[in-house]
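Before any comments, here is the structure.
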Amino acid sequence: MHLLTKKFHQKIKPMDARIDQIIENLKEVYDPEIPVNIYDLGLVYSVDVEGDEAKVLMTLTAPNCPAADMILSDVEYMAKKVEGIESCKVEITFEPAWEKSMMSEEARLELGFM
C-alpha cells in the first residue's frame, strides 16, 4: 500500500461535480445513425471544467461523419445545460482513431458486438 504525501495531495486538482453532470447529459446525445449515445460509444475522450467553461475532447466514428455538425451542437448544448457552465469548447481529434473496442460493454451488447 502506498501512502501519498501531503505535498502530493496538494497538487491533485479536485474533481468538479459539474463534470459528472456534463457526462450524464452527454449520454443523451446520439449519432442519428447509431442507437447508442456518444459517451457509451467511446467518442468522448475527456471532459474538463475551468471556471464557467466546459471543455470536451472527442472524436467521431469517421472523419467525414455527415452528422458531425449536429452532434457538436448537441454536445455544446448539453454541457451548457449544467448550472454554472456558460460556454463549451468542443475539440475534435482523430488521435487515437475511434475503434469498436472503445465502446462500453452495454454499447457493444446493444449493437450486437458481443
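The values are calculated or read from the model by the stated rules, or taken from the named source; none is laboratory data. Since this is a predicted model, take the numbers as computed values, not measurements. Cβ sites come from the backbone with ideal geometry, for glycine too, and all protein chains shown count toward neighbours.
Contact map, the range 94-108: residues that are touching a residue at least 40 places away in the same chain (Cβ under 8 Å) paired with residues that are aliphatic (A, V, I, L, M) and surrounded by 10 or more Cβ atoms within 10 Å (Cβ to Cβ), Cβ distance under 6 Å, separation 6+ or inter-chain. Pairs shown: MET103/LEU41; ALA107/VAL36; ALA107/LEU41. Hey, does the range 41-56 have a residue that's modelled with pLDDT of 95 or more, within 16 Å of LYS89 (Cα to Cα), part of a strand (DSSP E or B) and of a type in the set (Phe, Trp, Tyr)? Taking every residue of the range 41-56 in turn, at least one turns out to be modelled with pLDDT of 95 or more, within 16 Å of LYS89 (Cα to Cα), part of a strand (DSSP E or B) and of a type in the set (Phe, Trp, Tyr).
Does ALA107 satisfy the criteria of being over 23 Å from MET15 (Cβ atoms) and touching a Ser or Thr at 6+ places or on another chain (Cβ under 9 Å)? So ALA107 does not fit the description; no. Do you know which of the residues in the range 20-57 that are among the hydroxyl-bearing types (Ser, Thr, Tyr) and farther than 20 Å from LEU109 by Cα is surrounded by the most Cβ atoms within 10 Å (Cβ to Cβ)? Among residues in the range 20-57 that are among the hydroxyl-bearing types (Ser, Thr, Tyr) and farther than 20 Å from LEU109 by Cα, the one surrounded by the most Cβ atoms within 10 Å (Cβ to Cβ) is TYR45.
For the range 61-114, what are the residues that are of a type in the set (Lys, Arg) and in a helix (DSSP H, G or I)? Hits for the range 61-114 are LYS80, LYS100, ARG108.
On the given criteria, is SER87 in contact with a strand residue (DSSP E or B) (Cβ under 9 Å, 6 or more places away or on another chain) and loosely packed, with under 12 Cβ neighbours inside 10 Å? Outline the logic, then answer.
Working: in contact with a strand residue (DSSP E or B) (Cβ under 9 Å, 6 or more places away or on another chain): yes; loosely packed, with under 12 Cβ neighbours inside 10 Å: no.
When the stated conditions are applied, SER87 does not pass them.
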